[in-house]
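Worksheet: the structure to be examined is printed underneath.
The values are calculated or read from the model by the stated rules, or taken from the named source; none is laboratory data. Keep in mind that what you see is a predicted model, and the values were worked out from it rather than measured. Every residue, glycine among them, receives a Cβ derived from its backbone with ideal geometry; neighbour counts consider all protein chains shown.
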Amino acid sequence: MHGPASPGWLLVALCAATGAYCLLRMRSAVEEQRRAAGGEALMGFGMAVMAVPTAVVVPPHWVWVAYAVVFGGAALRALWAARTNTHHLHHLVGAGAMVYMAAAMASSPGHHEHGGVAPLTGALLLYFTVYVLWSGVRLVPVTAVATAGGARSVGWGDRPELARVCRLSMAIGMLAMLLTL
């Protein structure tokens, strides 16, 4: 993405750490959590690679096209999964935002647009700002996971508060990437 190198590397680290945690969440005993974690891991690692500062490496045009294809596929998968779980609509918006950013990077690598914020960029900024605020509020009252027989030990992949932090950090990363677009 465009912008200074230091914040770019911090964004790379945040997104890569989030993607790594999402890989851990894929070990959950709950199938729906595993599926959601897989999509979130793809998003985290994709964001990490996309956030590498352009001062370090400027990818060739075909890389951005490949990003658009991969995240277009992720968007279609999220659209299909949204039939049964509305949480996947958020994945659809995130994957769509990645396609949009990849297309923007493919069309003008290394150049800033100074004509104001594009309407789609503004809409995505508004969506992710609201999502960040909503997710932050939801972190406060997390309840413990319990089974029918009482409380149980919860593994790293099944901690609801960590899954929410994962989603929150990716939304913050998305905001940062959209701001540099």
Report task. Kindly check whether there is at least one residue in region 94-107 that is part of a loop (DSSP other than H, G, I, E, B), more than 20 Å from ARG167 (Cβ to Cβ) and either at pLDDT below 90 or touching a strand residue (DSSP E or B) at 6+ places or on another chain (Cβ under 9 Å) (or both). Result -> no
**Report entry** Identity of the residue in region 58-86, among the β-branched types (Val, Ile, Thr) and within 14 Å of GLY96 (Cβ to Cβ), that ends up surrounded by the most Cβ atoms within 10 Å (Cβ to Cβ)
**Finding:** VAL70
Requested in this report: For LEU24, state whether it is in contact with a helix residue (DSSP H, G or I) (Cβ under 9 Å, 6 or more places away or on another chain) and at pLDDT below 90.
Outcome: yes
**Report entry** Residue satisfying all of: in region 155-181; surrounded by 14 or more Cβ atoms within 10 Å (Cβ to Cβ) and outside any helix (DSSP H, G or I); modelled with the highest pLDDT among these
**Finding:** THR180
**Report entry** Among the residues listed as LEU11, LEU42, the single one being in contact (Cβ under 8 Å) with a residue 60 or more places away in the chain and either under 13 Å from the mean Cα position of the chain (by Cα) or surrounded by 15 or more Cβ atoms within 10 Å (Cβ to Cβ) (or both)
**Finding:** LEU11
Query raised in the report: Counting only residues that are touching a Gly at 6+ places or on another chain (Cβ under 7 Å) and assigned to a loop (DSSP other than H, G, I, E, B), which one in region 5-51 is nearest to ARG167 (Cα to Cα)?
Result: MET26
